[in-house]
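All remarks here apply to the structure that follows.
The values are calculated or read from the model by the stated rules, or taken from the named source; none is laboratory data. None of these values were measured; they are calculated from a predicted model. FYI the Cβ positions are ideal-geometry reconstructions off the backbone, even for glycines, and counts take in every protein chain you see.
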Amino acid sequence: MDGERTVKKLQEGQSGGGGKKGRTSLRWMDDVKLDLRNTGVKRWRTRAVGRIKWASVVRKAKAKLKWL
């Protein structure tokens, strides 16, 4: 009976969960935010609403990130 209790199982490492260990993976939006921060773009959400302003942001980002 002692080995069947939930607390005892957790102490022994028998949680039964098969989840991944370590840091959670980044989402697509996290990568976009990181790229925009690295290129020095501020208030990108308001600029993304206007097509002309957003095109200007993209051109500047391409100039800084030459691999695009």
#### Entry: Failed condition for Lys66, given (1) at pLDDT below 80; (2) under 22 Å from the mean Cα position of the chain (by Cα)
(2)
#### Entry: Residue in segment 35-43 that is among the hydrophobic types (A, V, I, L, M, F, W, C), assigned to a helix (DSSP H, G or I), at pLDDT 80 or above and on the phi < 0 side of the Ramachandran plot present
yes
### Task
Among the residues of segment 12-34, write down those that are modelled with pLDDT of 65 or more and either in contact with a Leu (Cβ under 9 Å, 6 or more places away or on another chain) or surrounded by 10 or more Cβ atoms within 10 Å (Cβ to Cβ) (or both).
Leu26, Asp30, Asp31, Val32, Lys33, Leu34
